[in-house]
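A quick write-up on the structure given underneath.
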Amino acid sequence: YSMKLAERIVSDPDTCSGHPRVEGTRIRVSHVLGWLAAGMSEAEILADYPQLTAEDIRACLVFAAESVDSHPVAAE
């Protein structure tokens, strides 16, 4: 299931400088994560950005989780 969601995230050097974004939009994963971190609710994000779906927001979270797992922080 998470793989299917993560497939909604794409990266293309000609769009958004290659930053991961929601497929079919110019909305970067980092923007969605930033909005959530700032306290915006899913409903607020969807109201402000009607081109997004709830599944797109979840895909951003899955993508972030998988990115963190694949880049562990070195122990000090």
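Computed values, structure above
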| read-out | value |
| --- | --- |
| Residues satisfying the stated conditions in region 21-30, i.e. assigned to a loop (DSSP other than H, G, I, E, B) and touching a Lys or Arg at 6+ places or on another chain (Cβ under 7 Å) | GLU23, ILE27 |
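Here's the yes/no breakdown for (1) open to solvent by less than 50 Å² (accessible area, probe 1.4 Å); (2) touching a Gly at 6+ places or on another chain (Cβ under 8 Å); (3) at pLDDT below 95; (4) assigned to a helix (DSSP H, G or I):
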position: LYS4; (1), (2), (3), (4): no, no, yes, yes
position: VAL32; (1), (2), (3), (4): yes, no, no, yes
position: GLY39; (1), (2), (3), (4): no, no, no, no
position: LEU52; (1), (2), (3), (4): yes, no, no, no
position: ALA59; (1), (2), (3), (4): yes, no, yes, yes
position: GLU66; (1), (2), (3), (4): no, no, yes, yes
position: ASP69; (1), (2), (3), (4): no, no, yes, yes
position: VAL73; (1), (2), (3), (4): no, no, yes, no
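The values are calculated or read from the model by the stated rules, or taken from the named source; none is laboratory data. This is a predicted model, so every value here is computed, not measured. Note that we place each Cβ from the backbone using ideal geometry, even for glycine, and neighbour counts take in every protein chain shown. These area figures cover heavy atoms from the full protein model, side chains too; ligands, DNA and RNA do not enter into them. Shrake-Rupley method; radii C 1.70, N 1.55, O 1.52, S 1.80 Å.
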